[in-house]
Amino acid sequence: MSPRTISQAKFAEREKELIEIARSLVEKACLTTLTIDKLVAAAPYSKGTIYKHFISKEDLILAICNTSMQEIQSLFTRALQFNGNSREKMVAVIVSYIIWAKLHPSQLFAVLSAHSPSVVACSSDENNELHQQCEIDLMALMNAEIIKAIDAGDLEQPEGMAFEQITFALWSSTWGALALIMSKGNSIKLQPMTLERESFTNTRLILDGFNWKPLSKNWDYHLTVKKITEEIFQPEIQALEEKGTPFVFN
């Protein structure tokens with residue numbers, strides 16, 4: 001009797017289910033404790049079936065990372081629909097990133113782990129290729145908005161600097177603030193820092209530093225953030241409230 005086969009759609013549906021189970025395991029513990037055996041114990045499938053989807057623990061981690069990046073891209077796309085000037089749209093992107101990180105705190109670090117040589121080497125070609133495409137798509141969204149801001153006269157591209165460097169400055173400063181504060185543990189120096197405030201402080205300093213208009217002194221970005229959360233991300237804000245980790249920006 002030949003082995004039972006399933007359709008490509010069913011296979012993809014099962015893989016999505018497995019990734020969601022793995023993500024819940026990560027949120028209950030942490031990324032470093034995730035193993036294929038733990039996924040087997042939590043999922044209604046055999047180890048052999050799971051290995052048809054993920055060739056290793058690293059491959060599973062990369063799959064979580066790719067799913068996370070696709071979610072972030074979806075939030076970025078929504079953020080950029082905010083009816084505001086170019087700098088407000090960029091602030092909306094930062095708002096969406098903070099919201100996602102607060103909803104999925106343990107998975108924030110999956111994106112960084114995807115750059116580990118061991119994860120790359122032990123993952124499937126398909127997941128590595130998807131990861132590269134996810135990065136390209138995310139950066140393309142940001143780069144396109146920066147080009148629009150330059151064309152609109154809100155931002156002047158610094159001499160000798162590519163617009164991709166502006167994207168990198170925003171990305172690295174926001175991710176750095178999120179990662180440091182969310183992993184601060186018992187750090188006395190980091191204890192007074194709050195996620196939303198420090199993330200927006202970094203954003204303000206970078207955007208003002210690039211002379212991206214309107215400057216902070218000429219615009220009420222507190223009001224902008226309030227409008228963004230109310231008009232674009234109300235379902236996620238409500239989810240954070242229910243989770244007991246509200247979005248707080250004073």
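Only one residue in E145, E156, E196 is under 23 Å from S106 (Cβ atoms) and touching a residue at least 40 places away in the same chain (Cβ under 8 Å). Which one?
E196
Go through segment 136-149 and give me each residue that's of a type in the set (A, V, I, L, M) and either touching a His at 6+ places or on another chain (Cβ under 8 Å) or closer than 16 Å to L80 by Cα (or both).
L138, M139, A140, L141, M142, A144, I146, I147, A149
Taking the condition of being under 21 Å from the mean Cα position of the chain (by Cα) and either assigned by TED's automatic domain parsing to the domain that holds E126 or not aliphatic (A, V, I, L, M) (or both), how many residues in segment 1-56 meet it?
11
When you scan segment 179-188, do you find a residue that is modelled with pLDDT of 90 or more, assigned to a loop (DSSP other than H, G, I, E, B) and surrounded by fewer than 13 Cβ atoms within 10 Å (Cβ to Cβ), even just one?
no
Tell me, please, whether a residue that is more than 27 Å from C30 (Cβ to Cβ) and β-branched (V, I, T) can be found in segment 159-171.
Looking through segment 159-171, at least one residue is more than 27 Å from C30 (Cβ to Cβ) and β-branched (V, I, T).
In segment 208-237, what count of residues is obtained for those that are within 20 Å of the chain's Cα centre (by Cα) and surrounded by 12 or more Cβ atoms within 10 Å (Cβ to Cβ)?
7
Among the residues of segment 221-234, write down those that are of a type outside the set (S, T, Y) and in a helix (DSSP H, G or I).
Those that are of a type outside the set (S, T, Y) and in a helix (DSSP H, G or I): H222, L223, V225, K226, K227, I228, E230, E231, Q234.
Look at G153 and say whether it is at pLDDT 95 or above and not charged (D, E, K, R).
The answer is yes for G153.
Considering segment 199-220 alone, what residues qualify as being outside any helix (DSSP H, G or I) and either touching a residue at least 60 places away in the same chain (Cβ under 8 Å) or touching a helix residue (DSSP H, G or I) at 6+ places or on another chain (Cβ under 7 Å) (or both)?
Correct list: F210, W212, K213, P214, L215, W219.
The values are calculated or read from the model by the stated rules, or taken from the named source; none is laboratory data. Since the structure is predicted, the reported quantities are computational estimates derived from the model, not experimental observations. Neighbour counts run over all protein chains shown; Cβ positions are idealised from the backbone, glycine included.
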